[in-house]
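The values are calculated or read from the model by the stated rules, or taken from the named source; none is laboratory data. Note that the structure is predicted; figures quoted are calculated from it, not measured. Note that each Cβ is placed from the backbone with ideal geometry, even for glycine, and that neighbours are counted across all protein chains shown.
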Amino acid sequence: MQAMVLSRLAPIETRPLKLTSIDRPAINGRNRLLLEIEACGVCRSNLHLIEGDWKKYGSPSSLPVVPGHEVVGTVIKIGDGVKKIKAGERVGIQPLFSSCLECEYCKAGRENLCENAEITGETVQGGYAEYICANEEFVTPIPDSIDSEHAAPLFCPGITAYKAVKASEPAAGRSVGIFGIGGVGHLAIQIAKMHGARVVAASRTKKHLDLAERMGADNTIVFQDSQERFLKNLKKEEGLLDSAIVFAPSDKAIDAAVKSVKKGGIIVMGVLGNVTNFPTFEEKIVKGSVIGTRKDMADLVRLASDSGLKVVIEKRRLAEANEVLAKLKKSQVEARAVLVP
Ligand SMILES: [Zn+2]
Ligand SMILES: [Zn+2]
């Protein structure tokens, strides 16, 4: 099969992903499935992995690796022990490829926190390829109402948005600020609106603020270099917020989010970053959020199908992965790019 293979960590401008012919994965376990891939989303995390930003976290676990962790395909073969999924079904794979199902987190239904998880496209082969092997317990069937290209982003930005929005405790009469509009943010806006919250979007570029408006944000405020100006505009137009969610990979955005919420308000961190000068006496709450559980995934797919959640995509060929990632690095992708083999 054809796959975009990463053999050395390097800046994306040097085109480190090479279109290579490699063996099709074998079904390597009784509860495994073989999928013919129809779409795979391109994530900022893929960029971090490829450029070596996550070497310090032990990712990728080895090289060469095939990145890609928001994958949709049709099951073409199943292992002997597979019970829940049939050949011919269309399913999606999220970054959580599998977990141990035995540790305290897995037993408590928080398998996204498992200490022994496998991560798609990092510790096992990912979706920048024509075929992929998956684990029956960790795939989610996709209803006919959603096509594969629009389904793929549900499996990383979608679930990330879904869980982070829930953590922000949205409700009618409450306001939520979303810092960073793109693959994750454009979905978070819509999900927060479904909860009845007032949504304020903050981003650096007009293109992304326009997208936020199209997705139903009640207000959009540009956030560039001057935090002071941003906070002044926010206070004038909205007052302080009940909660804020940060998807922009920037300590400045995190700091602005902390300052944007009322005393006792909630800040949800959907990115890695630093909270500095935390105002302890204001009793604000900072929560971390990482992808989601299998239940979150199934709930989101149902929600997307029932509600007509808009997933904004641009379709690209698998071989274009380097160019797409370079565009993403320059904030030139509007929402989500999706690779099709
Ligand atoms: Zn991702
Ligand atoms: Zn576990």
Give me a count of the residues in the stretch 55-111 that are modelled with pLDDT under 95 and under 24 Å from THR160 (Cα atoms). 7
Name the residue, out of ASN322, ASN274, that is touching a residue at least 24 places away in the same chain (Cβ under 8 Å), on the phi < 0 side of the Ramachandran plot and of a type outside the set (A, V, I, L, M, F, W, C). ASN322
State whether one or more residues within the stretch 20-33 are more than 16 Å from ligand 2 (Cβ to nearest atom), of a type outside the set (D, E, K, R), closer than 27 Å to GLY182 by Cβ and free of Cβ contacts under 8 Å to residues at least 40 places away in the same chain. no
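Check whether at least one residue in the stretch 47-54 is at positive phi and at pLDDT 95 or above, and report yes or no. Write out each step before concluding.
Filtering the stretch 47-54 down to residues at positive phi leaves 52.
Pick out the ones that are also at pLDDT 95 or above and you get 52.
Yes, there is a match, as at least one residue in the stretch 47-54 is at positive phi and at pLDDT 95 or above.
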I want to confirm something. Restricting to the stretch 157-170 and keeping residues that are in contact with a Gly (Cβ under 6 Å, 6 or more places away or on another chain) and among the hydrophobic types (A, V, I, L, M, F, W, C), which single residue is farthest from VAL271 (Cα to Cα)? ILE159
Spot the failing condition for VAL286; the list is (1) more than 30 Å from PRO11 (Cβ to Cβ); (2) of a type in the set (A, V, I, L, M); (3) surrounded by 22 or more Cβ atoms within 10 Å (Cβ to Cβ), and only one is missed. (3)
